[in-house]
Amino acid sequence: MIRDSKPVTITILDKEYLISCPEDERERLHAAAKLLNDKLMELKSTGKVIGTERMAVMTALNLASEMLSYKQQNTVYNDKVDSTIKRLYSKIDGVLGKSRELQL
């Protein structure tokens, strides 16, 4: 199914950009643009990085690093949950097996 995309205006570092976006993704696009703008403004306020292109690259690297860190934490959490579920299934199977033995 093809979704209809319509132009949406976002503002980053006081520049407006027209982005084609499906209706059901507009809220996320606005949130992403706000996050990006906030991070760029934060970096700009430090005065440590000069030039829009360099600020964009540094911000992209910082956001990518945060995303990778989150993914790693999420993977560790999912592994722990999977392990716990397997342990619980094993215990349930053991109890059900004993229950079947007692019924015979």
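The rows are residues; the columns are (1) outside any loop (DSSP other than H, G, I, E, B); (2) at pLDDT 95 or above.
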{"site": "ILE2", "(1), (2)": "no, no"}
{"site": "LYS6", "(1), (2)": "yes, no"}
{"site": "TYR17", "(1), (2)": "yes, yes"}
{"site": "ASP24", "(1), (2)": "yes, no"}
{"site": "HIS30", "(1), (2)": "yes, yes"}
{"site": "ALA33", "(1), (2)": "yes, yes"}
{"site": "LYS39", "(1), (2)": "yes, no"}
{"site": "LYS44", "(1), (2)": "yes, no"}
{"site": "VAL49", "(1), (2)": "no, no"}
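One residue is enough: does region 70-87 have a residue meeting the conditions part of a helix (DSSP H, G or I) and either under 29 Å from SER5 (Cβ atoms) or touching a residue at least 24 places away in the same chain (Cβ under 8 Å) (or both)? Even if it seems obvious, please write down each step before you answer.
In the first step, residues of region 70-87 are kept if they are part of a helix (DSSP H, G or I); the result is 70-87.
When the remaining residues are screened for being either under 29 Å from SER5 (Cβ atoms) or touching a residue at least 24 places away in the same chain (Cβ under 8 Å) (or both), the result is 70-71.
Yes: one or more hits.
Among the residues of region 31-50, those identified as loosely packed, with under 13 Cβ neighbours inside 10 Å and among the hydrophobic types (A, V, I, L, M, F, W, C) are ALA31, LEU35, ILE50. Can you list residue pairs whose Cβ atoms sit under 8 Å apart, with the first residue in region 6-23 being exposed (fewer than 11 other Cβ atoms within 10 Å of the Cβ) and the second being of a type in the set (Phe, Trp, Tyr)? Count only pairs 6 or more apart in sequence or on different chains. Hits for this filter: THR9/TYR17.
Report whether or not LEU29 is in contact with a helix residue (DSSP H, G or I) (Cβ under 9 Å, 6 or more places away or on another chain) and within 27 Å of SER5 (Cα to Cα).
Working: in contact with a helix residue (DSSP H, G or I) (Cβ under 9 Å, 6 or more places away or on another chain): no; within 27 Å of SER5 (Cα to Cα): yes.
Judged against the criteria, LEU29 is not a match.
Can you find even one residue in region 69-87 that is of a type in the set (Ser, Thr, Tyr), more than 28 Å from ALA32 (Cβ to Cβ) and surrounded by 10 or more Cβ atoms within 10 Å (Cβ to Cβ)? Please lay out each step first, then the result.
Start the filter on region 69-87 by keeping residues that are of a type in the set (Ser, Thr, Tyr), which leaves 69-70, 75, 77, 83-84.
Going one step further and asking which of them are more than 28 Å from ALA32 (Cβ to Cβ), we end up with 83-84.
Still in the list and also surrounded by 10 or more Cβ atoms within 10 Å (Cβ to Cβ): 83-84.
The answer is yes; a qualifying residue exists.
Among GLU101, GLU66, GLU53, which is exposed (fewer than 10 other Cβ atoms within 10 Å of the Cβ), without any contact (Cβ under 8 Å) to a residue 24 or more places away in the chain, acidic (Asp, Glu) and closer than 30 Å to LYS34 by Cβ?
Only one candidate qualifies: GLU53.
Output the residue which, of all residues in region 42-90 that are in contact with a helix residue (DSSP H, G or I) (Cβ under 9 Å, 6 or more places away or on another chain) and of a type in the set (S, T, N, Q), is nearest to ILE12 (Cα to Cα). Applying the filter and picking the extreme gives THR52.
The values are calculated or read from the model by the stated rules, or taken from the named source; none is laboratory data. Here the structure is a predicted model, which is why all the values come from computation and not from measurement. Cβ: placed from backbone, ideal geometry, glycine included. Neighbour counts: every protein chain shown.
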